[in-house]
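Below: the structure, in structure tokens.
The values are calculated or read from the model by the stated rules, or taken from the named source; none is laboratory data. As the structure is a computational prediction, the values presented were derived from the model and not from experiment. Here Cβ is always computed from backbone atoms with ideal geometry, including for glycine, and neighbour counts include all displayed protein chains.
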Amino acid sequence: MPHELDLILTITGGLTGALALGFVTQRLRLSPIVGYLLAGILVGPFTPGFVADKRLADQLAEIGVILLMFGVGLQFHVRELLAVRKVAVPGALIQIAVATALGALVGRAAGWTWGAAVVFGVAISVASTVVLTRVLSDNDVLHTPAGHLAIGWLVLEDVFTVLVLVLLPAVMGEAAGAGAAGVAVSVGIAVLKLAGLVAFIFIVGQRVIPALLGYVAKTGSRELFTLTVLVVALGVAVGSAILFGSSMALGAFLGGLVVGQSDFSSRAASEALPMRDAFAVLFFVSVGMHLDPAQLAVGWQLAAGTLAVVLIGKPLAALAVTVLLRRPLQTAFAVALSLAQIGEFSFILAALGKKLGVLPVEAEQTLVVAAIVSITLNPVLFGFRDRLARWTSALFQQRDAALAEAEAASLDEHAHRTVVVGYGPVGKTLTRLLRENGIAPTVVELNLDTVKQLQDQGIRAIYGDATQREILERAGVGTADSLLFTAAGAPGDGVIEQAKGVNPRLFVLARAFYLREVTALKKAGADVVVTGEAEVAFSMTERLLVRMGATSEQLERERERVRSELFGSGSPGPRPAVHDA
């Protein structure tokens, strides 16, 4: 009973502190991650007041790591990396190498071994996916050339992190003391195990997991689908550790990768991963609990050196590489400054290093300080990107103008993109009309069979609930020109609010059955609303007047009268639709 009470108190106390401080940091326009880390310090053993059970918090954090890595695999898109591979691949590798070297020098200056120093350098070389996406989104840069490049850059950092998680136990584990030959054998065994795990998951898992999700999806139960995704994430992670001796984080990543390549990727991301966010909060709280504020006065030089690498060294390396690879200065500064922070993967790597006995205790505490400061300052630094680009562009004015023009031209393929929500008779007709006029639509549909049929026809279709922001982002609402809500019998105001939140400039044409729904849809952000009741009234009125021999002037007057009665004086309604029998 005391153990159960400790568990409940740890979860309640941790989440309550995270909620309070996360809300405060959000109101201060900072990342909530800062609040979660501060909450961990508050409920940790080194501050007065309530103290959460650190051992239980660490166990809950393990679940958070599994779900975080599952989410990374789920949202991993090869096409995002391929689109910017010429800059992202060499840029990310060089930036990681430079940041690792600088971090290693900081560690050596602190008196650590080379092994500890290198692991520490790797940990501060990778940025936070959560923070970077949030900063880009808040500044309306996510769907620009700079945003695409930054996301592709981060995808490569994620892949690099996964490889380090696989190889670190082999290089720094027990075999490290056996010399170069022992390390080589250990790495070889690790690579073979990795190959076996990848083969098993992609040969067996790619058949079993989508089939299981498809079977559950047909039940129509949202709860069962969410539970199934959670079981897949945890089951693959645990199975990887038991059967292949691999890390659970790697197994979770590969499991997410399999689901991400299936038709269920969007729905899994939108419906099942909110649970990931809850455990991710506990993960950050657990990390914060490791910080001893009393040690800051002793190790401030180490913290200062680490921050110098994160806030100055990493951005300068990324900036230099991006400029040398012929990208405009505005893009280069946006990418460089968005990477000036560390987050979840730094802690995951540090936790593994500590578990292997490589990293000293002060390394983890330094990372917490560096994360809090860098995440806090990152939005502020990012706000200076355009000013810095203008100051610098005077030296490269002609070059930068030409590169910016070329970069803008490369995005022409994204122009005039339309998202169609629902593929009933109305959605089908509008999709055909768009394609005939050279506009590539993306259809969002909850019927899996319909999605597969559309994909077979070469039409981009996303399976999922359009009320979920992740589904709309996956459909490309951020770069779309318009959204057509055609779903029958579904509330459209929630969809429109989410879509406008992603892209405020989006033109929205919405369908409604009843006139009473118009106000809510307009309030949500719809530009034009077409209702079934109004269309019937217009059509029947026109048909009746034609039968009675009305002139064109009488028809127009009666149209305006019906429009005024249905929509109110001065409110323009749609033109009457006449459907021949």
Any chance residue 117 is buried (at least 19 other Cβ atoms within 10 Å of the Cβ), among the hydrophobic types (A, V, I, L, M, F, W, C) and without any contact (Cβ under 8 Å) to a residue 24 or more places away in the chain: yes
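Please indicate, with yes or no, whether at least one residue in the range 137-148 is among the hydroxyl-bearing types (Ser, Thr, Tyr), surrounded by fewer than 21 Cβ atoms within 10 Å (Cβ to Cβ) and in a helix (DSSP H, G or I).
Yes, there is a match, as at least one residue in the range 137-148 is among the hydroxyl-bearing types (Ser, Thr, Tyr), surrounded by fewer than 21 Cβ atoms within 10 Å (Cβ to Cβ) and in a helix (DSSP H, G or I).
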Candidates 91, 73, 49, 64 - the one that is out of contact with any helix residue (DSSP H, G or I) (no Cβ under 6 Å at 6 or more places or on another chain) and either over 19 Å from residue 366 (Cα atoms) or surrounded by fewer than 24 Cβ atoms within 10 Å (Cβ to Cβ) (or both): 49
Test set (1) crowded, with 20+ Cβ neighbours inside 10 Å; (2) among the hydrophobic types (A, V, I, L, M, F, W, C); (3) under 30 Å from residue 224 (Cβ atoms) - residue 279 fails condition number: (1)
Answer residue from the range 526-548, given it is small (Gly, Ala, Ser) and surrounded by 19 or more Cβ atoms within 10 Å (Cβ to Cβ) and is farthest from residue 430 (Cα to Cα) among those: 534
The range 229-246, residues that are surrounded by fewer than 21 Cβ atoms within 10 Å (Cβ to Cβ) and part of a helix (DSSP H, G or I): 230, 231, 234, 235, 238, 239, 241, 242, 243, 244
Pair list, Cβ < 6 Å and 6+ apart or interchain, from the range 220-236 residues that are assigned by TED's automatic domain parsing to the domain that holds residue 73 to residues that are of a type in the set (D, E, K, R): 226/271
Only one of 38, 68, 105, 60 that is closer than 18 Å to residue 7 by Cα and in a helix (DSSP H, G or I): 60
Checklist (1) under 16 Å from the mean Cα position of the chain (by Cα); (2) under 30 Å from residue 388 (Cβ atoms) applied to residue 276, failing item: (2)
Conditions (1) surrounded by 24 or more Cβ atoms within 10 Å (Cβ to Cβ); (2) under 23 Å from residue 104 (Cα atoms); (3) touching a Phe, Trp or Tyr at 6+ places or on another chain (Cβ under 7 Å); (4) of a type outside the set (D, E, K, R): number failed by residue 306: (3)
Residue that is crowded, with 19+ Cβ neighbours inside 10 Å, of a type in the set (S, T, N, Q), part of a helix (DSSP H, G or I) and on the phi < 0 side of the Ramachandran plot, where the choices are 133, 161: 161
Condition check for residue 480: in contact (Cβ under 8 Å) with a residue 40 or more places away in the chain and touching a strand residue (DSSP E or B) at 6+ places or on another chain (Cβ under 8 Å): yes
Scan of the range 399-457 for residues that are at pLDDT 85 or above and small (Gly, Ala, Ser), ordered by number: 422, 424, 427
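Can you name the strands (runs of 3 or more DSSP E) wholly within the range 414-515 that have at least 1 residues being surrounded by 23 or more Cβ atoms within 10 Å (Cβ to Cβ) and within 20 Å of the chain's Cα centre (by Cα)?
Here the list reads 418-421, 441-445, 460-463.
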Enumeration of residues in the range 21-40 that are over 23 Å from residue 57 (Cα atoms) and in contact (Cβ under 8 Å) with a residue 60 or more places away in the chain: 29, 30
Out of 361, 373, sole residue that is in contact with a Leu (Cβ under 8 Å, 6 or more places away or on another chain) and in the same structural domain as residue 311 (by TED's automatic domain parsing): 373
